[in-house]
Amino acid sequence: MQIRFRDRTFDLEAGESVLEGLLRAGEKISNSCRSGACQSCLLRCLEGELPKASQAGLRPRARAAGLFLSCQCRPQGSLSIADASDALAGASRFQLELVERDFLAPSIFRLRFKATGMPAFLGGQFIALEKPDGLARSYSIASLANEDLIELHVRQIPDGRMSGFLADELNIGETLQAEGPRGDCTYEAGKLDQGLFLVGVGTGMAPLWAVLRSALAVGHRGPINVLQAGLTPDRLYLLEELRELAARHDNLTSSTVVKEDPKSLAAEDCVVGDLFELLRKLAPEPRGQRIFLCGDPNLVNQLRREFFLSGAALDDILGDPFAPAVET
Amino acid sequence: MTTLFEKFGGDDALQAATEEFYRRMLRDESVANFFADVDMEGQIAKQKAFLTVALGGPNNYTGLDMNKGHAALRDQGMKDAHVDTVIKHLGETLLSLGISQEDVDTVAERMEGLRDQVMGRAE
């Protein structure tokens with residue numbers, strides 16, 4: 001079967017994904033996780049039939065626009081496809097200059113950049129950073145549009161090619177190429193009284209930090225629950241900042257839960273135990289609430305199911321599964 | 001004549017009903033396994049298209065091959081009893097959303113008409 005793309009026609013080999021085929025043919029397609037989570041390899045179908053799996057997890061609006069995940073697309077017939085960017089209003093390439101780097105937790109650091117030519121974004125969207133050698137990885141924006149610097153939170157992965165580069169090699173004052181913004185894990189304006197429920201694991205807290213502050217900035221009145229989960233207490237961060245916000249806003253409740261606490265490091269208000277048990281206690285009625293789930297993809301998917309089954313509408317469950325990149 | 005679809009409240013109401021229907025199936029251990037690894041959004045979109053047709057709404061769903069669409073489920077051991085359960089959950093969903101018993105019976109009849117295709121006994 002054949003793929004038409006950028007005025008060229010390619011043959012796909014049996015079992016090959018559209019992404020693999022295009023890369024083999026020498027086309028440059030940004031990609032990272034190859035498991036359908038990061039959405040960096042999003043393309044748009046103009047003609048032909050897409051396999052279901054290639055649109056799994058996309059919002060109805062994106063599906064309707066013909067967007068699909070090229071890494072998950074093993075078509076049964078020929079396709080005519082195009083870049084997704086013209087369908088995603090606002091995404092484009094821009095430059096980021098590193099201004100500041102500091103650690104927020106033993107394995108999580110914060111980067112602050114000055115942006116040049118960056119399109120308008122909403123807190124909670126994500127961008128892709130590109131290393132000079134072309135390697136690209138997506139990170140959520142933790143800052144708000146009216147703040148001077150773009151803030152990203154990065155988990156240091158042992159031997160991670162991008163996180164290692166960002167931690168040790170990129171110098172203050174140096175510039176990176178970036179692309180975006182993308183994603184719809186954002187605060188929805190105009191629903192000031194809706195309940196919000198935010199669950200984050202690890203650097204999944206970055207987009208939630210932006211969503212939370214977007215809501216507070218416009219005077220959100222409905223109850224807001226923020227729940228940060230981690231394996232052990234040293235994986236948690238932003239604790240002081242969250243406590244401070246909760247003290248200033250009556251409608252905000254912030255809690256933390258860790259699976260285990262072998263060194264007895266957990267703060268007094270941190271629950272040691274099962275995340276799902278705690279959730280059932282905190283959110284007896286998610287119907288009508290807007291739910292934000294960010295972090296480890298397996299956990300995000302389990303949480304989606306849990307919230308859906310207990311009554312949240314699918315359109316009200318927003319999530320960013322953070323899938324690790326496949327090393328190639 | 002007003003179709004059940006219009007009476008029901010159109011597309012938005014049907015989205016909510018489909019989600020509730022799907023929720024009931026996932027909570028029911030006797031059928032939940034058939035949906036364990038299925039993409040939730042895609043599955044709900046399909047169920048909704050099916051319900052739109054069953055309620056006499058605008059039929060713009062052309063991919064509705066009930067026989068082929070259930071072949072994999074038959075391989076996983078789907079039996080007539082599972083179809084009964086699905087029809088029961090749909091009925092209860094519609095009743096819980098204020099649809100009359102009479103209209104629910106009409107929908108159940110339409111679903112019965114598809115049973116043989118679903119079970120692979122008819123094309």
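At a glance:
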{"read-out": "Failed item in (1) surrounded by 14 or more Cβ atoms within 10 Å (Cβ to Cβ); (2) modelled with pLDDT under 80; (3) acidic (Asp, Glu); (4) farther than 22 Å from A:GLU306 by Cβ, with B:ASP103 passing the rest", "value": "(2)"}
{"read-out": "Elements of type strands (runs of 3 or more DSSP E) contained in the range A:215-303, each with 3 or more residues being aliphatic (A, V, I, L, M), within 24 Å of the chain's Cα centre (by Cα) and surrounded by 13 or more Cβ atoms within 10 Å (Cβ to Cβ)", "value": "A:224-230, A:252-258"}
{"read-out": "Pair list, Cβ < 7 Å and 6+ apart or interchain, from the range A:38-53 residues that are within 11 Å of chain B (Cβ to nearest Cβ) to residues that are modelled with pLDDT under 80 and surrounded by fewer than 23 Cβ atoms within 10 Å (Cβ to Cβ)", "value": "A:LYS52/B:ASP39; A:LYS52/B:GLY42"}
{"read-out": "Which numbered condition B:ALA81 misses (of (1) surrounded by 14 or more Cβ atoms within 10 Å (Cβ to Cβ); (2) among the hydrophobic types (A, V, I, L, M, F, W, C); (3) farther than 23 Å from A:ALA56 by Cβ)", "value": "(1)"}
{"read-out": "Count of the range A:119-172 residues which are closer than 29 Å to A:LEU23 by Cα and of a type outside the set (Phe, Trp, Tyr)", "value": "32"}
{"read-out": "Residue selected from the range B:1-31 under the condition at the interface with another protein chain (Cβ under 10 Å from one of its Cβ atoms) and hydrophobic (A, V, I, L, M, F, W, C), by the criterion surrounded by the fewest Cβ atoms within 10 Å (Cβ to Cβ)", "value": "B:ALA16"}
{"read-out": "Cross-chain or 6+ apart pairs with Cβ under 9 Å, the range A:288-303 first and closer than 19 Å to A:LEU212 by Cβ, then polar (S, T, N, Q) and in a helix (DSSP H, G or I)", "value": "A:LEU293/A:ASN301; A:CYS294/A:THR203; A:GLY295/A:THR203"}
{"read-out": "Some residue of the range A:135-144 being within 14 Å of chain B (Cβ to nearest Cβ) and either part of a loop (DSSP other than H, G, I, E, B) or modelled with pLDDT under 85 (or both)", "value": "no"}
{"read-out": "Matching entry among A:LEU111, A:LEU96, A:LEU176, A:LEU104 (being surrounded by 14 or more Cβ atoms within 10 Å (Cβ to Cβ), more than 18 Å from the chain's Cα centre (by Cα) and farther than 27 Å from A:LEU67 by Cβ)", "value": "A:LEU104"}
{"read-out": "Search result, residues across the range A:211-234 that are closer than 24 Å to A:LEU278 by Cα, in contact with a Ser or Thr (Cβ under 8 Å, 6 or more places away or on another chain) and in contact (Cβ under 8 Å) with a residue 40 or more places away in the chain", "value": "A:VAL211, A:ASN225, A:LEU227, A:ALA229"}
{"read-out": "Tally, over the range B:68-107, of residues that are over 15 Å from B:ALA17 (Cα atoms) and in a helix (DSSP H, G or I)", "value": "17"}
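The values are calculated or read from the model by the stated rules, or taken from the named source; none is laboratory data. Just so we're clear, the structure is a prediction, and the values are computed from it rather than from any experiment. All Cβ positions, glycine included, derive from the backbone under ideal geometry; neighbour counts span all protein chains shown.
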